[in-house]
Amino acid sequence: MATASPAKTTTPAAPAKGAAPAVDVSLPSRREFLYYIWGASIVLLLGQATAGIVWFALPRFKEGTFGGVFKFDPTRIPETPGAAPISEPIGRFWVSHTDEGVLALYAVCTHLGCLPKWVDTNGRFECPCHGSKYRLDGSWIEGPAPRGMDRFSTTLVFSDGSTASTNEAGAAIPLNGRTTADIVEVQINTGNRILLPPHA
Ligand code: FES
């Protein structure tokens, strides 16, 4: 007589030793996915806008980080009053010759420190950053700059041995009937910056 074999029972297969446990991954819905994209776009835009504002607002150069007397070649002074000024990038100044005389202007804008350029066609300095404008003598015309361009204390030495220097107000040094050809030495003290009063 045949005997009934015991019923076989099956147990769920255990994960193989060392295998990673199964993870139930649920994909985001279409709506969630769009939210993520939208959020990432907003963050990216805000980041770009913030970086742009910081870049625009920061001064390009720090004022007053150098000093000392700078010798300027007198033959480079514009011969005619009203002629385009001469830039001296190493000393960070411009030398102007106006109807009132000769003066050295600090080449840094008094707003946030950009470098105004002389625009010959307009006969004035124009700052590329926020549009401040200055006359040949550095006086303010328009724009956010609080005052005219700063001046450096300057001394002119003439061929007869006499000298003339910038006064406390930073006014141009008058030539008093002499010409630039009579100037044999120009000393520009980049450590002594004279600030004009704020414009009204
Ligand atoms: S730095 Fe702003 S106008 Fe020159």
Averaging 1/r across every pair of distinct alpha carbons in region 69-194 and inverting yields a Kirkwood hydrodynamic radius, in angstrom, of 14.4
Summing +1 for each Lys or Arg and -1 for each Asp or Glu, what net charge is found among the other residues whose Cβ lies under 12 Å from the Cβ of ILE86? -2
Whole-Hz ³J(HN,Hα) from phi, Karplus 6.51 cos²θ - 1.76 cosθ + 1.60, for region 95-111, glycine and proline x: 10, 10, 10, 9, 4, 8, x, 10, 8, 10, 10, 5, 7, 9, 4, 7, 7
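Quick note: the coordinates plus some simple rules give every number you see, no bench work behind them. None of the values given here were measured: they were computed from a predicted structure. Neighbour counts run over all protein chains shown; Cβ positions are idealised from the backbone, glycine included.
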